[in-house]
Amino acid sequence: MTSPPDNPSSLISEDTRDTAVQRLQQAYAEGHISHEEMEEGLDQVLTAKTHSELASVLASLPEEDAGTTSTIAAAGGRIKRRGAWRVPRILKVASAFGKVHLDLSRAVIEHPVVDIELQLGTGRAKITVPRDAIVDLDALHTGWKDTLYKPPRSSRPGGPRIRISGTMGFGRLKVRHAQR
C-alpha cells in the first residue's frame, strides 16, 4: 500500500492485501515489531475488508523504501535492459508504440518478489527471467493477442517470484526462462 485510495471505505484487492502482509513480515524481519505484533497484524490484515482497516494496521510500520520503485517510459522506440542491471522491487514500464525487452537472466535481483507493471499500447514485449524464477501473469490484461509463456517442466525452489501485471493493448508479451 504505497498511497491511500480516494475512497478509504472501498474494498481492498488481493494484491493490496498481499502487499500489506509483506510489509508486516518485512517489519518483523527487520526488528521493527515483535512476533506477537506481527501475528496480531497478520490477523487484522487477513480479515480487513476496506482500505481504512488496512491503514490502521500499517500506520505504525516504517515507511516503505521509495528507492525500490523505478519507472521506464518511452512514447516510441525501444526500451531495453540486459546484462548485470539492478532490478527494483517494483518496475513500471510504459510504452505507447515501441518494443520492450527486459532480460533478467543476469540481472541483480535483491528482492524475493519483483512486480513488473506494464502499460503498453502497440508493440511487443519480451521478458527473459532467471531459470529458477516463478512467473505470475494473473494480473496482466491483454487486449488483442494472448501472452506467450510456457512454464518450465521442472523448477528449482528458491528463485525470485516475478509478478507481471498491467495492460497490453495491441502487442504481444513473450515470457521465457533463461537457458543458463
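The values are calculated or read from the model by the stated rules, or taken from the named source; none is laboratory data. Model, not experiment: these values are computed from the prediction. Reconstructed Cβ throughout: ideal geometry from the backbone, glycine too, with neighbour counts over all protein chains shown.
So the values come out like this:
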read-out: Boolean, ALA55 is surrounded by 14 or more Cβ atoms within 10 Å (Cβ to Cβ), in contact with a helix residue (DSSP H, G or I) (Cβ under 8 Å, 6 or more places away or on another chain), at pLDDT below 85 and not aromatic (Phe, Trp, Tyr); value: no
read-out: Extreme residue, nearest to GLY171 (Cα to Cα), among residues of region 25-52 that are assigned to a helix (DSSP H, G or I) and touching a residue at least 24 places away in the same chain (Cβ under 8 Å); value: HIS51
read-out: The one condition in (1) β-branched (Val, Ile, Thr); (2) in contact with a strand residue (DSSP E or B) (Cβ under 7 Å, 6 or more places away or on another chain); (3) at pLDDT 90 or above that THR47 fails to fulfil; value: (2)
read-out: Condition check for THR47: over 30 Å from HIS101 (Cα atoms) and out of contact with any helix residue (DSSP H, G or I) (no Cβ under 7 Å at 6 or more places or on another chain); value: yes
read-out: Check on ARG161, over 17 Å from the mean Cα position of the chain (by Cα) and within 27 Å of GLN26 (Cβ to Cβ); value: no
